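Everything on this sheet refers to the single structure shown next.
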Amino acid sequence: MLEKKTKIYWLFILPGCLFLAFFMLIPLFSLIFKTFIDGGGSFSLENYTALLGSTYFKQVFWRSIRLSLASTAACAVLGFPTAYYISKYSKNKGVLMALAVFPMFTSPVIRSFSWMVILGKKGIVNDLLVAAGIVAKPISLLYNEFSMVVGFIQLFLPLMILSLIGVMDNISEDLNLAAGSLGASRMAVFRHVVLPLSIPGLVTGSVLVFTGCLTAYTTPQLLGGTDTRVLATLIYQQAMSLGDWTQASAVAVVMIVITVVVSQAINGISRKLNPMA
């Protein structure tokens, strides 16, 4: 009887497995395989040696990592207190969660164009800076790393907030009361109880934000311009502008490897910091 039930369960998940195999795994492994083949059809690492030896690629690579890490750190700093307030102190939790998620229903294109209006030389920010006497004339806030980080934060901050709220909701208030009754201050309760127990949410949110920033295309293309390329826009340039699909595939493989390595590193750090692990 148990074997029959197991076979039935396999029939339920078989369509999903086939879908993933045909539309994700096969194209992915095909892409990876082609990057190891040279023009003569032989196995070669030429594509990767040429890529890793390129000064331009190194600049794009480190810029992508730097911007993704900076955006992830900013989302964690901004998202943690927001999620804590919504989870523990808000009387309108549903409304605030809806407001936090609402930006995700707007297209990244529209959001990026909105930031172009806000950060432009004739935008709101420059008007305020000039009116306040902070700067004598409008400064360039667009088409640089700053504007890209701003766009990333708005784009992925809801993911960090939702990840943290899901974990903080499960932190019992009795733990805080018990720590307070033993003489711990509010800061000590936060540092020794709330923060350690929130690490799983921070890890989940950090992985989502980092991978999202690393693979995003629309936001860096619109807010970063042509002089501030990242890996995603480099893939588009190699494939669509230069017609070098093999090199574009190699960049995509590097991006996949970075995503996996950083995700595993974040999980490893969380296991060391999480007292419940």
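The values are calculated or read from the model by the stated rules, or taken from the named source; none is laboratory data. Predicted model, so just to flag it, every value in this text is computed and none were measured. Neighbour counts run over all protein chains shown; Cβ positions are idealised from the backbone, glycine included. Side chains included, ligands, DNA and RNA excluded: accessible areas come from the protein's heavy atoms. Shrake-Rupley method; radii C 1.70, N 1.55, O 1.52, S 1.80 Å.
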Just report the Cα centroid separation between segment 196-225 and segment 24-44, whole Å. 29 Å
Between beta-carbons, use under 12 Å as the cut-off and find the net charge around TYR85, counting Lys and Arg +1, Asp and Glu -1. +3
Given Cα pairs under 8 Å that are at least 6 residues apart, what percent is the relative contact order of the chain? 24 percent
The simple spin-label model distance between SER263 and ARG66, using points 7 Å out along Cα→Cβ, in nm, is 2.6 nm
Could you tell me what a quarter of the Cα convex hull surface of segment 143-183 works out to, in nm² with one decimal place? 4.4 nm²
Placing each pseudo-label 7 Å from Cα in the direction of the beta carbon, LEU177 and LYS121 end up separated by a distance in nanometres of 6.1 nm
Quick one: Karplus J couplings for segment 41-51, per residue in order, coefficients 6.51, -1.76, 1.60, θ = phi - 60°, nearest Hz, x for Gly and Pro? x, 9, 5, 7, 9, 4, 4, 7, 5, 5, 5
Within the under-15-Å Cβ sphere about PRO196, not counting PRO196, Lys/Arg +1 and Asp/Glu -1 give a net charge of +3
Over the chain: helical MRE at 222 nm, DSSP H runs n ≥ 4 each giving -39500 (n - 2.57), nearest 500: -22500 deg cm²/dmol
Does segment 1-135 come out rounded, prolate or oblate, given a ≥ b ≥ c as the square roots of the eigenvalues of its C-alpha gyration tensor, rounded meaning a/c under 1.5 and, failing that, prolate meaning a/b above b/c? oblate
Can you list residues from other chains, or at least 5 along the same chain, whose modelled amide H is less than 5 Å from the amide H of ILE37? SER44
Want the number for VAL77 to TRP10: 0.36 nm per residue separation, take away the alpha-carbon distance, what's left? 19.8 nm
FRET E, pair HIS192, TYR217, Förster distance 35 Å, beta-carbon r, rounded to 0.05: 0.25
Would you be so kind as to identify all helices of the chain, as entire DSSP H runs, whose Cα atoms reach 20 Å or more along the helix's own axis and whose mean Kyte-Doolittle hydropathy is at least 1.6? 145-168, 199-215
Decide, for segment 120-277, between rounded, prolate and oblate: order the square roots of the alpha carbon gyration tensor eigenvalues as a ≥ b ≥ c, take rounded if a/c falls under 1.5, and otherwise choose prolate if a/b is larger than b/c, else oblate. oblate
Would you list THR246, THR211, THR219 from the most to the least accessible area, probe 1.4 Å? THR246, THR211, THR219
Take the Cβ-Cβ distance between LYS88 and SER42 as r, set R0 to 45 Å, and report the resulting FRET efficiency rounded to the nearest 0.05. 0.15
